[in-house]
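Have a look at the structure below before the remarks.
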Amino acid sequence: GDRRVEMSASKPAVNRKSIVDRPLPRGKTEVSVSAYCLLFSEMVQYYQQRVTSIQDLEKKLAGAGYGVGVRMLELVVLREKSSKRETRVVGMLSFIKDTIWKTMWGKPADALEKVTEKDDEYMIHEKEPLVNTYISVPKDMGHLNCAAFVAGVVHGILDSADFPARVTAHTVPVGSETRTTILIKFAPEVMDRERRMG
């Protein structure tokens with residue numbers, strides 16, 4: 001009887017990983033654009049009924065984007081196990097422009113640019129952000145920029161990664177067309193840290 005117990009104890013245990021130990025599934029890399037736009041449009045309408053001005057609506061959209069940004073950073077870092085934690089400003093912004101943008105909107109942002117005369121300001125340019133493409137803005141809200149949601153996403157990511165900044169969305173005319181610019185102004189402590197790193 002004792003021998004049988006010893007033998008069963010020496011058998012390798014069945015590999016039963018808990019859900020916490022399993023890798024995060026990649027899931028589908030593409031989401032239906034029509035489904036995404038429908039959900040986003042519903043969110044805009046929901047907030048529109050609860051505010052009295054364009055600025056308040058943009059604040060609500062930015063707030064919703066902030067929560068998405070916080071979770072998006074966690075998700076992408078967990079999925080991309082090879083990615084290292086970015087500690088430099090340009091590295092972090094490039095990560096947002098390329099990896100985060102591609103994960104969320106299917107392609108990298110069009111450009112990342114430093115504001116020439118200011119060390120603490122950067123811009124991410126997007127010619128046609130998906131959040132503005134299928135939204136028809138009523139005439140009484142003509143200056144509404146739904147990319148405030150995208151600015152909120154970037155703000156949430158930067159805050160979570162310890163790069164505090166003020167992030168805003170702007171529509172900028174370029175010739176006969178317009179493009180959306182996400183303007184990022186970093187807090188003084190971020191720039192101090194950047195200078196100390198050389």
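Here is a yes/no grid of residues against (1) in contact (Cβ under 8 Å) with a residue 60 or more places away in the chain; (2) over 15 Å from Thr180 (Cα atoms); (3) buried (at least 17 other Cβ atoms within 10 Å of the Cβ); (4) among the β-branched types (Val, Ile, Thr):
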{"position": "Met72", "(1), (2), (3), (4)": "yes, yes, yes, no"}
{"position": "Leu75", "(1), (2), (3), (4)": "no, yes, no, no"}
{"position": "Ile100", "(1), (2), (3), (4)": "no, yes, yes, yes"}
{"position": "Glu113", "(1), (2), (3), (4)": "no, no, no, no"}
{"position": "Leu130", "(1), (2), (3), (4)": "yes, no, yes, no"}
{"position": "Tyr134", "(1), (2), (3), (4)": "yes, no, no, no"}
{"position": "Val137", "(1), (2), (3), (4)": "no, yes, no, yes"}
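Condition test on Asp119, is it open to solvent by 20 Å² or more (accessible area, probe 1.4 Å), under 19 Å from Leu73 (Cβ atoms), of a type outside the set (Phe, Trp, Tyr) and not in a helix (DSSP H, G or I)?
No: the conditions fail for Asp119.
Of the residues in segment 45-80, how many are of a type outside the set (Val, Ile, Thr) and over 20 Å from Pro108 (Cα atoms)?
Total satisfying the criteria: 18.
Would segment 140-159 turn up any residue that is modelled with pLDDT under 95 and of a type in the set (Val, Ile, Thr)?
No: zero hits.
Might you check whether a residue that is open to solvent by 50 Å² or more (accessible area, probe 1.4 Å), without any contact (Cβ under 8 Å) to a residue 12 or more places away in the chain and out of contact with any Lys or Arg (no Cβ under 8 Å at 6 or more places or on another chain) occurs anywhere in segment 57-70?
Looking for residues that are open to solvent by 50 Å² or more (accessible area, probe 1.4 Å), without any contact (Cβ under 8 Å) to a residue 12 or more places away in the chain and out of contact with any Lys or Arg (no Cβ under 8 Å at 6 or more places or on another chain), one finds none in segment 57-70, hence no.
Is it the case that some residue within segment 182-189 is assigned to a helix (DSSP H, G or I), closer than 17 Å to Ala62 by Cβ and open to solvent by 20 Å² or more (accessible area, probe 1.4 Å)?
No, that holds for no residue.
The values are calculated or read from the model by the stated rules, or taken from the named source; none is laboratory data. Small disclaimer: the values here were computed from a predicted structure and weren't measured. Cβ sites come from the backbone with ideal geometry, for glycine too, and all protein chains shown count toward neighbours. For the accessible areas, the whole protein counts, side chains as well, though only heavy atoms, and no ligand, DNA or RNA atoms are used. Shrake-Rupley method; radii C 1.70, N 1.55, O 1.52, S 1.80 Å.
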